[in-house]
Amino acid sequence: MVAIAESVPKPRARFRFMLDRRGVLGSLLVGPAILYVLLLVGVPFLMAVYYSLSAYTIYNPSWKFVGVANFIDIVQNPVFLQTLSNTFIFTFGSQILGLILGKFGALVLLKPFPGRKFVRALVILPWAVPIALATVAWQWMFDSLYSVINWTLIALGFVTRSNAPNWLGTPDLAMLSVIIVNAWRFFPFAIVIFLAGITAVPQDVLDAATVDGAGFWRRNYQIIVPMILPIVAIGLVFGIVFTFTDLSIVFLMTQGGPVGATSVLGFAGFQTGITSGDVSHGAAISLFMLPVLLVVVVAMLRFIRRREI
Amino acid sequence: MQRKGLVGVLQDAGFYGAVAFFFILAAFPFYWMVITSFKTNADLYSVQHIPFWFNDPPTLEHFRYLFEKTLFATWLLNSLIIGLCVTAITLVTALPAAYSLARLTGSTGEALGIGIFLTYLVPPTLLFLPLSRVVATLGLQNSMWALVVVYPTFTIPFCTWLLMGFFKALPVEIEEAAIVDGCSLFGAFVKMAIPLSLPGILTVVIFTFTLTLQEFVYALTFISSSDQKPITLGVATDLIRGDIFYWGEIMAGALIASIPVAIAYNLFLDRFISGITGGAVK
């Protein structure tokens, strides 16, 4: 103990003068990046908060402070409450569907079979390709008249042409459609995350458990699942954040319709703040994303910290 | 014995059924893009024809229309310019920042790195209102240069995080040896760390480029003139006249824009994953 305690200060003293220079150079190198992020993320974020507390519109760009009046306006509007619940349905519906598809997809792709690499490369596509472009392809597949999905359903005899579903024109089906597209977009990401987690579980741990008498399910739920939980949690953080704040799928496929059935926070913020020019109310709507984002981010930080301990 | 064989066959059938399910689920929309973009309009807009293959011979008319009668070539060029400029800005800022956070600033660097990475999670739909004012103040409203200014707000955090991982994985002894041999601290970064992390830099270049191609919200918010649009926005919003969607042209454009991104992702997927999970699995 004593010997160790004495030997610690030595290298520290040796590097002390270096450390000062390192600090200076370090700040110089990291400065531009931090400045960029502060100016174009930090400042706009504070502006967004202030907008939501002001009476700012593009027709009357005043910075008059109105307190929480905008928020009171918003929560008293039943259309907004529907938007808020839509956002939760959209987020959790598509994340759950995506996770289920991802877990099964990972199990399938874990097993070697001829052509696995090719299938794997194709399965990544929904996540890689720009979502706006893939969404337009889905919009065409859900077309009211030339939908290939309806054509198949009609050909199989499930529905007739006269009562074929109008995917994007019926409230519940429209919500289901945007959820499907978003789950479709995220499931490859979930597969990749699960695969990365499962393949990183050391084989000797599994072997030791097997020797000790653990069966398939025990190995699966008491070893693999706890070990891949951090990486799955981080994947889920990404999924939730990007879905909860999404605009493009709803904007392109349904424009929030029919009658607001698929309007989500990002879309409502865009409609109010940009299209209608009511910046203050738009900012207030967008800020409703913040609590969820904070919860998710705190959860992520805890996971990172737990990893380091 | 025969029974076991039957069970085995059934298991195999189930397994390959699952493979086929995922294959079709992932690939069908892209198959649909391809087949739509090569079909004649008469074939496309018919409820009688079987939609899954060509009933008329394939045609290039949609591609021809796309390049000759629309601004598609301009959008392609815009996206290329935006991608190159954003990549340059990102490299110049993120490379030194990542090195500094990985090597020079100790435990504050670690915390700062996590802080920078968290800004990647601040969504565009929270920032687009104030940023559109910032863009207007800079005199860049309705110009693709607005995107060059704004896109680094998410590429810098992402790439700094990714490069931090790369620098941490380099053996520090190489730089220490260079310093002992008389190299300055900055010299060790430029002459040793940068050349050694070239694979990381390549990854960052590819991902910055694809992130700019994938972005939609800022482009939609800041740009309304057709000739300033990047390719994703142009294809998704500009090939519609009134109520009429030019599906053949839209799918052809989407196909052209998707192919490079799809290839890039498949080549660099592992690095992307290890980048965002930050080594959550050791």
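Just so it is clear, none of the values below were taken in a lab; they were calculated from the coordinates. This one's a predicted model, so the numbers in the text were calculated from it and none came from an experiment. Every residue, glycine among them, receives a Cβ derived from its backbone with ideal geometry; neighbour counts consider all protein chains shown.
Determine, from the Cβ-Cβ distance of A:Leu294 and B:Asp227 and an R0 of 35 Å, the FRET efficiency 1/(1 + (r/R0)^6), rounded to the nearest 0.05. Provide the component values of the computation, followed by the final result.
On the way: r = 40 Å, r/R0 = 1.15.
Computed FRET efficiency for A:Leu294 and B:Asp227: 0.30.
Evaluate the charge dipole of the stretch A:21-131 about its Cα centre and quote only its size in Debye, nearest 20, assuming +1 on the Cβ of each Lys and Arg and -1 on the Cβ of each Asp and Glu.
It comes to approximately 760 debye.
Let me know the mean shielding of A:119-127 by other chains, meaning the per-residue number of their Cβ atoms within 10 Å of its Cβ.
What the average comes to for A:119-127 is 6.
Note down the net charge around B:Ala177, summing +1 for each Lys or Arg and -1 for each Asp or Glu among other residues with Cβ under 15 Å from its Cβ.
-2
For chain A, go through all pairs of different Cα atoms, get the mean of 1/r, take its inverse, and jot down that Kirkwood value in Å.
Hydrodynamic radius (Kirkwood, Cα only) of chain A equals 23.6 Å.
Give me Rg over Rh for the stretch A:66-202, both radii from the alpha carbons and Rh done the Kirkwood way, two decimal places. Present the calculation step by step, with values, prior to reporting the outcome.
Working: Rg = 19.4 Å, Rh = 17.7 Å.
A ratio of 1.10.
Net charge near B:Pro57: determine it from the other residues with C-beta under 10 Å of the C-beta of B:Pro57, scoring Lys and Arg +1 and Asp and Glu -1.
-1
Mind checking Rg over Rh on the stretch B:1-129, alpha carbons, Kirkwood formula for Rh?
Rg/Rh for the stretch B:1-129 comes to 1.22.
For chain A, build the charge dipole from Cβ charges (+1 Lys, Arg; -1 Asp, Glu) around the Cα centre, then report which of A:Leu206, A:Ile124, A:Trp184 sits farthest towards its positive end.
A:Leu206
For chain B, modelled as a Gaussian network with Cα springs under 10 Å, which listed residue fluctuates most, B:Ser46, B:Ser197, B:Ser107?
Highest fluctuation among the options: B:Ser46.
Each label point is 7 Å from the Cα along the Cα-to-Cβ direction; what then is the distance between the points at B:Ala13 and B:Gln48, in nm?
3.8 nm
I'd like the mean, over residues of A:96-109, of how many other protein chain beta carbons sit within 10 Å of each residue's own Cβ.
On the way: counts 0, 0, 0, 0, 0, 4, 0, 0, 3, 6, 0, 2, 9, 3.
Rounded to a whole number, the mean comes out at 2.
Would you mind computing, in nm to one decimal, how far apart the modelled labels at A:Arg161 and B:Phe67 are, each placed 7 Å from Cα along Cα→Cβ?
Rounded to a tenth, the inter-label distance reads 3.7 nm.
Can you tell me the convex hull volume per residue for the stretch B:135-270, based on C-alpha atoms, in Å³ to the nearest whole number?
130 Å³
Sort out for me the Cα centre separation of the stretch B:111-148 from the stretch B:1-73, rounded to whole Å.
38 Å
If the stretch A:217-309 were replaced by its equivalent ellipsoid, with semi-axes equal to the square roots of 5 times the Cα gyration tensor eigenvalues, what would those be, largest first, whole Å?
They are 36, 17, 8 Å, listed largest first.
What number, in nm² with one decimal, is the all-direction average of the projected area of the convex hull of the alpha-carbon atoms of chain B?
Across all orientations, chain B yields a mean hull projection of 23.4 nm².
Rg and Dmax of the stretch A:24-78 over Cα atoms: what are they, in angstrom?
17.0, 55
How large are Rg and Dmax for the stretch B:2-59 when calculated on the C-alpha trace, in angstrom?
Taking only Cα atoms of the stretch B:2-59, I get Rg and Dmax of 17.8, 54 Å.
Please report how many Lys pairs in the protein assembly as shown have alpha carbons closer than 25 angstrom, counting only residues at least 8 apart along the chain or sitting on separate chains.
11
Could you give the angle, 0 to 90 degrees to the nearest 10, between helix B:152-169's Cα long axis and the longest principal axis of the Cα atoms of chain B?
Tilt of helix B:152-169: around 60 degrees.
Using a 10 Å cut-off on Cβ to Cβ distances, tally the other chain neighbours for every residue of B:215-222 and report the average as a whole number. Spell out each step's value before the answer.
Numbers: counts 4, 11, 8, 0, 2, 7, 4, 1.
Average neighbour count from other chains, rounded to a whole number: 5.
Which order results if B:Tyr218, A:Tyr59, B:Tyr65, B:Tyr246 are arranged by neighbouring Cβ count within 10 Å, fewest first?
Listed from fewest to most nearby Cβ atoms, that is A:Tyr59, B:Tyr65, B:Tyr246, B:Tyr218.
When you have a sec, figure out the Kirkwood radius of the stretch B:82-213 from all distinct Cα pair distances and drop it here in Å to one decimal? Can you show the working numbers first?
Numbers: mean 1/r = 0.0631 Å⁻¹.
Across the stretch B:82-213, the inverse of the average 1/r is 15.8 Å.
Beyond 18 Å, what percent of the Cα pairs of the stretch B:47-123 remain?
69 percent
Give, in whole angstrom and from largest to smallest, the semi-axes √(5λ) of the equivalent ellipsoid of the stretch A:151-309, with λ running over the eigenvalues of the Cα gyration tensor.
Listed largest to smallest, the semi-axes of the stretch A:151-309 are 40, 27, 9 Å.
Out of residues 5 or more away from A:Ser54 or on other chains, whose amide H comes under 5 Å of its own, with H placed 1.01 Å from N in the peptide plane?
Here the answer is A:Val66, since their amide H atoms fall under 5 Å of that of A:Ser54.
Order by neighbour count: A:Trp138, A:Trp151, fewest other Cβ atoms within 10 Å first, most last.
Lowest count first: A:Trp151, A:Trp138.
Using square roots of five times the C-alpha gyration tensor eigenvalues, list the equivalent-ellipsoid semi-axes of the protein assembly as shown in whole Å, biggest first. Numbers along the way, then the final one.
Working: eigenvalues 336, 226, 118 Å².
Value: 41, 34, 24 Å, ordered largest first.
Please compute the contact order of chain B in relative form: average sequence separation of alpha-carbon pairs under 8 Å and at least six residues apart, divided by the residue count, as a percent. Provide the component values of the computation, followed by the final result.
Values: 270 pairs, mean separation 78.6, N = 282.
That works out to 28 percent.
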